[in-house]
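To start, the structure under review is shown below, and the notes come after it.
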Amino acid sequence: MIKKMAPTLCSLPVEVIQIIAKLLSHKDICNFRLVSKELEAKIFDYFSYYYFALFKTDLSLKSMKDLEDLSNDKHLHRSVRYLLIQCKPTGPIWPANTVGSTLGGGFTWNRDPAGHLTGPQKCLEVFYRLLIEKLVNCKSISINSQWDPADKGGEIPGPGILTALDALTLVFSMISDKGLEIKSFAFNLRRGCESLDRLDIQQTKTPKFLKSWANLQVS
């Protein structure tokens with residue numbers, strides 16, 4: 001009589017393995033992937049979606065390097081689907097007056113006398129290359145002005161400071177120049193923050209910009 005082999009973890013259906021993965025902590029799921037290459041392959045879709053679909057950035061030099069490292073990974077670069085631009089809170093997110101680190105740290109931001117971003121921006125060049133050429137599935141962008149310490153009403157920010165409105169200008173510029181397809185978009189402008197006067201409205205009227213929103217699903 002032939003004895004039946006007891007089922008092993010790797011022999012379980014992918015659906016069952018993914019249910020198990022959902023019950024694990026971040027540390028445990030990382031260890032879970034190390035059991036075998038077969039097991040790693042079976043939970044890759046779940047792992048990549050839940051841990052890499054959303055990338056949070058403050059547009060700092062360090063954050064851009066982290067995003068570039070992720071975009072260079074031959075397996076994970078297709079997992080990034082959502083980009084959230086916001087300051088990192090420096091303390092508890094409550095009460096509401098908590099502030100965070102400044103956006104765009106490590107870069108110099110060129111401005112004209114009126115405060116508009118002007119000329120080549122190194123961060124934008126990196127942004128272009130990563131989103132257009134490598135992070136091909138990243139079609140959803142959100143900008144959150146909460147915790148923005150550079151947001152001081154009508155004051156013109158210094159060359160080392162970027163505001164949430166500037167981040168919106170950069171994203172609109174990228175869409176206008178490169179025609180990045182957008183499926184969902186959100187801009188959270190908190191009450192009492194800076195005016196929209198420094199936003200370049202003309203860049204929203206180009207054919208590429210208008211075409212980019214054709215597949216918009218959520219805004």
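Residue by residue, here is whether (1) hydrophobic (A, V, I, L, M, F, W, C); (2) surrounded by 14 or more Cβ atoms within 10 Å (Cβ to Cβ); (3) at pLDDT 80 or above holds:
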{"site": "L170", "(1), (2), (3)": "yes, yes, yes"}
{"site": "F187", "(1), (2), (3)": "yes, yes, yes"}
{"site": "E194", "(1), (2), (3)": "no, yes, no"}
{"site": "K208", "(1), (2), (3)": "no, no, yes"}
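Residues of the range 144-160 that are modelled with pLDDT of 65 or more and buried (at least 22 other Cβ atoms within 10 Å of the Cβ): S145 alone. Scanning the range 20-38 for residues that are assigned to a helix (DSSP H, G or I) and over 27 Å from the mean Cα position of the chain (by Cα) returns I20, K37, E38.
Hey, among the residues in the range 82-138 that are in contact with a Ser or Thr (Cβ under 7 Å, 6 or more places away or on another chain), modelled with pLDDT under 75 and in a loop (DSSP other than H, G, I, E, B), which one's nearest to Y49 (Cα to Cα)? Here the residue is K88.
The single residue among T8, T57 that is modelled with pLDDT of 85 or more, of a type in the set (S, T, N, Q) and on the phi < 0 side of the Ramachandran plot turns out to be T57.
The values are calculated or read from the model by the stated rules, or taken from the named source; none is laboratory data. Keep in mind that what you see is a predicted model, and the values were worked out from it rather than measured. No Cβ is skipped: glycine too gets one built from the backbone with ideal geometry, and neighbour counts run over all protein chains shown.
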